[in-house]
Amino acid sequence: MARTPLLQLSEIALTFGGDPIFEDLSLVVQPGDRVALVGRNGSGKSTLMKVMAGLVEADSGTCVSAPGVSVGYMEQDPTMEGFETLGEYAASGMDPDEAYRVDMVAEGLKFDPNGLVATASGGERRRAALAKLMAEAPELMLLDEPTNHLDIEAIAWLENELKSTRAGFVLISHDRAFLRNLTRATLWIDRGQVRRAEEGFDGFEAWRDKIWEDEDQQRHKLNRKIKSEARWAVEGISARRKRNQGRVRALQELRAERASQIKRQGTAAMAFEGGPTSGKKVMEAFGLHKAFNDKTIVQGLDLTVQRGDRIAFVGPNGVGKTTLIKMLLGQVEPDQGQVKLGTNLEIAVFDQSRAQLDPDMTLWDNLVNDPEMGVSGKADQIMVRGTPKHVVGYLKEFLFDEAQARAPVRALSGGEKARLLLARLMAKPSNLLILDEPTNDLDIETLDLLQDLLGEYDGTVLLVSHDRDFLDRTATTTVAMEGDGRATVYAGGWTDYQAQRGDRVKAPSSVGKPLSTKGKQNQQVTRKTGLSFTEKHRLEELPAVIARLEAEIAKLEELMADPDLFTQNPVKFEKATDALTDRHAKLEEAEAEWLELEEKAQE
């Protein structure tokens, strides 16, 4: 017996600003569907979801939900006029006897229903909108970036709730782990076309790449055919003009077909330029203690950050991750302890609140005016890592068109704001990157590129993120802030942290102790291993450092295996040679250090 669809879109067409977003779009959402909606930033994902929710009216076509089916939509920027508290907004429209469900959801999502709307942050408003949707429990849920502004514990709670629900849902998210764990079908928006695959996000990238490969092969065949027909037209048309006019028209049609093909959007031309090499020790913290009123942020923390480290700070929202980073940078004074910063540091900061962008200024003005650098004015060029570039040209490298250059920043989507902030960040050389929630709103392709760039970056990275997949791909060390001043260091990313945390619960003497100089347990570990806590931490992280250096050496050797590199690009060859020598020296140094510490630990 055929199921009645929850929602059906038929021949939808929609145009904004003269450009079609969708044409002849049809799709069906069935009961129990768990669908990932994916596509590049600006491809129309949120717009399509608003069409499905009935909030945007299409130019033509129909959007029909089954009789009696409730459709719920999580708004990214909810309107809360007329409500005093976030809880009142979340419970609005619900039966008073069921309003208790808002409190249950609020506990899982970690937001205060009594919080005032007038003073609520954007993240608190979004959590209230998500709580409203989850408490209402409609038959079809439309979720647009629900994990933004959630910490990992809240993401895990939401993931479990969605796994257990009988409702259908369509989900937009940049969080690969979240998508992989939840979805069983994928809708992919690409250049105005929506394709559906009956498998979850885990198979999306292989499916996408196969479609693009087939498309490239067809385009190659078309180009070859046009070239062949054009040669015939030049060489033989004068002798056979009347008899072969049909072939000439066919050539024109082939050219028209090629012209009508929409080129795929490329990736942003992003690059980090390492500044002058920093000292070997980037920063060192001794006995840090910090508290606000009765809330302890960190207690008795010792931490050494070496050049080239990728250190992730994880923990619940409000635990003090950003405060700890500011203490390490010397921007916030600890109550006790001290921080020593290394030499020759050039710091670049990606702020999760996007506070470095003025929403009322244009993209152009946000690039050429930089109060932190003391730069202001009406210039038409920007210095990009020491080279002048025209503002519009530089914006195009980050996938903005010329018309957007003079538009206000407030008109941009979340992903576009993140790309603009990265454009500012990457214009300056640096050797220490501070990335506070950099993944929010970025599409999958841009995230892939950012991860690759961080892997190749010569400097040091301090990272705050709730994206588990991004942590696994990026971090070499994870500092878990678990509340009450506890900070524990683990080698590797999120998955490594979870595995080691399990080991710690079974055997308290195993890897992953709190970074504290206090307590008998810590003194016992020091006596047992013969190592200081800084040495123990260094011994734990050295295998990841060695593996990274070996991978970099392999890449450089592969590059230099090209026999034409020296003759065609001698400068690049020279840089690669210097880099290879440097990596070999660092590898030898790291291996010797590991042997020395391992011997000391055995003693």
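Any read-out appearing in this document is the output of simple, stated calculations on the displayed coordinates, not a laboratory observation. As the structure is a prediction and not an experimental result, all values here were calculated from the model. Every residue, glycine as well, gets a Cβ built from its backbone with ideal geometry; the counts of neighbours run over all protein chains shown.
Annotations
- Relative contact order (percent, whole number), region 363-427, Cα cutoff 8 Å, 6+ residue spacing: 32 percent
- Size of region 365-471: Rg and Dmax of its alpha carbons, in Å, are 14.3, 41.
- Pairwise centroid distance, computed over Cα atoms, of region 29-55 with region 562-603, Å: 48 Å
- Three semi-axes describe the equivalent ellipsoid of region 10-66; taken as square roots of 5 times the Cα gyration tensor eigenvalues and ordered largest first, they are 19, 15, 9 Å.
- Stokes-Einstein D for region 394-454, Kirkwood Rh over Cα pairs, 37 °C, 0.692 mPa s (µm²/s): 262 µm²/s
- Residues of region 386-400 with amide N under 19 Å of the 7 Å Cα→Cβ point at N369: 391-392, 395
- Gain in span if fully extended, Q451 to I546, counting 0.36 nm per residue against the direct Cα distance: 32.3 nm
- A simple packing score, the average count of other Cβ atoms within 10 Å per residue, orders the peptides 56-62, 440-446 as 440-446, 56-62, with the highest score first.
- Comparing Cα centroids, region 435-470 and region 307-332 end up 16 angstrom apart.
- Per residue, the convex hull volume that the Cα atoms of region 289-346 enclose (Å³): 98 Å³
- Evaluated at q = 0.13, 0.22, 0.23 Å⁻¹: base-10 log I(q)/I(0), Debye formula over Cα of region 363-427: -0.30, -0.91, -1.00
- Pairs of Cα atoms farther than 27 Å apart, region 1-126, %: 36 percent
- Extending 7 Å from Cα along the Cβ direction at E596 and again at R195 yields two label points whose distance is 5.5 nm.
- For the peptides 147-159, 303-315, residues were scored by their other Cβ atoms within 10 Å and the scores averaged per peptide; the highest-first order is 303-315, 147-159.
- Flagged links, alpha-carbon separation over 27 Å, of K321/K428; K321/K586; K110/K295; K45/K396; K280/K555; K163/K321: K321/K586; K163/K321
- Of the peptides 359-369, 74-84, the ranking by mean beta-carbon count within 10 Å, highest at the top, reads 359-369, 74-84.
- Residue order, fewest to most beta carbons within 10 Å, for K290, K396, K586: K396, K586, K290
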